[in-house]
């Protein structure tokens, strides 16, 4: 798998490159992700040091629970979330081209919306999963 990945928002005002390993996708069903994305959020993750964000448009929203969420103020694309752990999660749908990652599990399924059918989503975790928060080492 390539160690160089590119992505961005819908309108192109925010673009990013990742020059390192990315982990497979975790789908989060927590109430915060559902509010910010309008539904469950599919995130991959990389080391913050491997992420370069271009442009001045990106804005960060502090959630009050120790996390910040990065979004484009022009088109509204929700792109990133971060904590102070040296890692950044990014919307898997924002990646461009072939990236070789796949969905591996779902977290916070206990908070999923009543409209979500998780009967075929495996594996599932009631809260978060430590393995879901670690980037693949390549």
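At-a-glance table
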quantity	calculated
Likely footprinting exposure, 9, 46, fewest C-beta neighbours within 10 Å first	46, 9
Computed lengthening from residue 75 to residue 10, 0.36 nm per intervening residue step minus Cα-Cα distance	22.8 nm
Residues of the stretch 42-73 with amide N under 17 Å of a point placed 7 Å along Cα→Cβ from residue 21	44-51
For the stretch 8-100: span of alpha carbons on each principal axis (Å, largest first)	30, 27, 24
Theoretical gain in end-to-end length, residue 3 to residue 56 [0.36 nm per residue, Cα-Cα removed]	16.6 nm
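Values quoted throughout were computed directly from the atomic coordinates according to the rules given, and no laboratory measurement underlies them. Quick caveat: nothing in here was measured; it's all calculated off a predicted structure. With ideal geometry, Cβ positions are generated from the backbone for all residues, glycine too; neighbour counts draw on all protein chains shown.
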